[in-house]
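Single-structure report; data block below.
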Amino acid sequence: MKIKVKQLGILREAEWELGNLTIVCGTNNTGKTYATYALYGFLKIWKHMMDIALDEIVISDLCDKGLARIDLAAIWRNKSHIIDEACLKYSNVLFKILASSEERMRGASFSITTNGSNDWTVKKFTKTLENKSFGSIKFVKEENSNTLEVVILKEGDKITEIPTEFIKDIVKDQIEDILFQKLFPEVFIASAERTGAAIFLKELDFARNRILDELSTEKPLNPYSYLDKVYTTYAMPVKDNVDFIRQLDDVSKHESDILKNNPDILDNFADIIGGQYKVSKNSVYFVPHKMSTTKLTMNESSSAVRSLLDIGFYIRHSVKAGDLLMIDEPELNLHPGNQRRIARLFARLVNAGVKVFITTHSDYIIKELNILILLHAKKGRFAKLIDEYKYAKSELLDYKSVKVYEAGHSLHKAEGATRSSSINTFTQADINPEYGIELKSFDKEIREMNHIQNDILLGAD
C-alpha cells in the first residue's frame, strides 16, 4: 500500500509505503503527526467515502422479483477508479479529520494505491441480514465464482415497499466487504494526547454531561449540535482515544485472538509497565507486580502506565492478525530501558501478523530495532549473543518487512519550475542486513554531542 499527500499543513508533499513495520522519524514541526492522522482517518472511514455504481436493473430485479445477480469482476476491474474517487472525496474532509480550518487545508490531497490481488474470487461468502420491517436479505458468493447472488426473503407485504436507497446501501456494503475489506486493514491509533485522556477521563465525562444539562434549558439552542461543534475541535484520533477509554469496561470483556497463540506478547507488555491493568466498577486501576492487593488509580499511577493504557487494552482485548496499530511517539514518558522493550514488543506483534506504524524521536527505539534486524540477518553467527542477551526468536526482524522515513527539509523541483526549493517532505531511509537502519538526522546529533563531549574531556579550547 502506497500513500501520497500534498499540501497537508506544513507538509508540502510526502509519499510512503506501508510495511509490516513502518517508522517515521524527523525533527519537530515537519508534518509527521498530520501524515499519521490522515492515513488513520482514511482507514477508519473508507467505506463511507466509496461509491460503487450499481446497475439500476439489479435494484429493479431485487425490488420486483426479490432476486438479483451481480458481476463482481466488473466492479473489481474499476477498482482503481473507485479508490481514487474515494480519496478525492476524503481529501475534501481532511480538515475535519485533523480538526483544522477548511481555509488552511484548502488544496490538501490524499491518495492511496494498493496491490491487492483478486483472491476474493476463491473464497465463499454468505451472509443473511434480518430486518423486522421486511424480513431478510441473503447474500451468497460461491467458491471460485465472480457472481454475488442477492435474495430478499419476505413474507406479507410486497417487496416493492422496501426503500430503494436502503437496498442500495445494504448491497454496496456487502460488495465493499467482499472486494475491498482486505485491502484496508482495521486500524487502531494511540495519539500523543493519550496520557491526558487516561487521567482526565472522568472530568471529560462530567464536563460533557454538564454542558448538555445547562444547554438543554435554553430552548433556542440544540445542545447536541453545540456539543458536536465543541467535540470537532479535536482531531479524529484524539476523539477516538477518548471514546475507546470510555468503553474499557466493555472492551475488557473480550480477549484478543492473537494472544491465544502468542501469550508472550502480553507478558512482554506487563514487563514494560511493571504490572497489570484491571477494570472494576467502570474504573481502571493499575496493579503493580508483587503487590496484588494494591490497586492504583490512573491519577496515582506513573505517567508511563497512563501513556500505555489504551495500547495495553487494545493488545490484550482487541488486536487481531492483519490489523494496523498506529502509535504517535511510543517513547512518551518511558525510561530508555522501556523504550528498548517496547521496540521488542513491536517486533513480536509484527511477527504475529499485526502491522505497526510509529512516529518517533527515540534513538533507543531505532537502535533496538537495528539490533533485532542484525540478529535476524546473522542469527546463525550470533546464536550465542541471542542467548546471552535473552532475545527471543519471535523478536527478530526481517529487514525487508521494515520501512523507515525521515520527515524534514529536502530540495524539490516542482513541475515546470526552473529551480529547486526546500520543502517539508519524507525521505526513505536505507535499510540493509549488514548495518540496519541509517538515519542521518539522529546520527548527526549524536556525532555532534560526542564531539562536544570529547572536546570537554580533552580540554580543547
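Within region 254-292, the set of residues being more than 25 Å from Lys320 (Cβ to Cβ), small (Gly, Ala, Ser) and in a loop (DSSP other than H, G, I, E, B) comprises Gly274, Ser292.
The number of residues in region 1-23 being crowded, with 23+ Cβ neighbours inside 10 Å, at pLDDT below 95 and in contact with an Asp or Glu (Cβ under 9 Å, 6 or more places away or on another chain) comes to 0.
Does region 272-281 contain at least one residue that is among the polar types (S, T, N, Q) and more than 24 Å from Lys393 (Cα to Cα)? Checked against the condition, which is being among the polar types (S, T, N, Q) and more than 24 Å from Lys393 (Cα to Cα), region 272-281 yields at least one hit. With respect to the conditions (1) over 30 Å from Val150 (Cα atoms); (2) not small (Gly, Ala, Ser); (3) not in a helix (DSSP H, G or I), Tyr37 lacks only one, and its number is (3).
How many residues are farther than 15 Å from Phe244 by Cα and crowded, with 16+ Cβ neighbours inside 10 Å if we restrict to region 310-325?
2
Every condition in (1) surrounded by 18 or more Cβ atoms within 10 Å (Cβ to Cβ); (2) over 17 Å from the mean Cα position of the chain (by Cα); (3) of a type outside the set (A, V, I, L, M); (4) within 18 Å of Ala270 (Cβ to Cβ) holds for Phe346 except the one numbered (2).
Out of Glu85, Glu13, I need the residue that is of a type in the set (D, E, K, R) and in contact with a Phe, Trp or Tyr (Cβ under 9 Å, 6 or more places away or on another chain). Which one?
Numbers: Glu85 fails: in contact with a Phe, Trp or Tyr (Cβ under 9 Å, 6 or more places away or on another chain).
Glu13 is the lone residue from the list that is of a type in the set (D, E, K, R) and in contact with a Phe, Trp or Tyr (Cβ under 9 Å, 6 or more places away or on another chain).
When you scan region 251-283, how many residues do you find that are of a type in the set (A, V, I, L, M) and free of Cβ contacts under 8 Å to residues at least 40 places away in the same chain? Qualifying residue count for the region: 3. Could you list, in sequence order, all residues of region 258-309 that are among the charged types (D, E, K, R) and either modelled with pLDDT of 85 or more or surrounded by 16 or more Cβ atoms within 10 Å (Cβ to Cβ) (or both)? Matches in region 258-309: Asp264, Asp267, Asp271, Lys278, Lys295, Glu300, Arg306. Look at (1) surrounded by fewer than 16 Cβ atoms within 10 Å (Cβ to Cβ); (2) modelled with pLDDT of 90 or more; (3) of a type outside the set (A, V, I, L, M) and you find that Asp119 fails only one, number (2). Would you mind stating whether Ile315 is closer than 19 Å to Glu255 by Cα, part of a helix (DSSP H, G or I) and touching a Ser or Thr at 6+ places or on another chain (Cβ under 8 Å)? Taking the combined requirement at face value, the residue satisfies it.
Which one of these is at pLDDT 85 or above and among the acidic types (Asp, Glu): Asp228, Asp213, Asp205, Asp177?
Numbers: Asp228 fails: at pLDDT 85 or above; Asp213 fails: at pLDDT 85 or above; Asp205 fails: at pLDDT 85 or above.
Result of the check over Asp228, Asp213, Asp205, Asp177: Asp177.
Working only within region 42-69, note down all residues that are within 12 Å of Ile82 (Cβ to Cβ), of a type in the set (Asp, Glu) and in a helix (DSSP H, G or I). Selection gives nothing.
If you filter region 7-30 down to residues that are assigned to a loop (DSSP other than H, G, I, E, B) and hydrophobic (A, V, I, L, M, F, W, C), you find that the one that is nearest to Val402 (Cα to Cα) is Leu18.
Can you find a residue that is in contact with an Asp or Glu (Cβ under 7 Å, 6 or more places away or on another chain) and buried (at least 20 other Cβ atoms within 10 Å of the Cβ) anywhere in region 81-89?
So the first thing to find is which residues in region 81-89 are in contact with an Asp or Glu (Cβ under 7 Å, 6 or more places away or on another chain), and the list is 85.
So of that shortlist, the ones also buried (at least 20 other Cβ atoms within 10 Å of the Cβ) come out as none.
Within region 81-89, not a single residue is in contact with an Asp or Glu (Cβ under 7 Å, 6 or more places away or on another chain) and buried (at least 20 other Cβ atoms within 10 Å of the Cβ).
The values are calculated or read from the model by the stated rules, or taken from the named source; none is laboratory data. Everything numeric here is computed off the predicted structure, so don't read it as measured data. Virtual Cβ from ideal backbone geometry, glycine too; neighbours counted across all protein chains shown.
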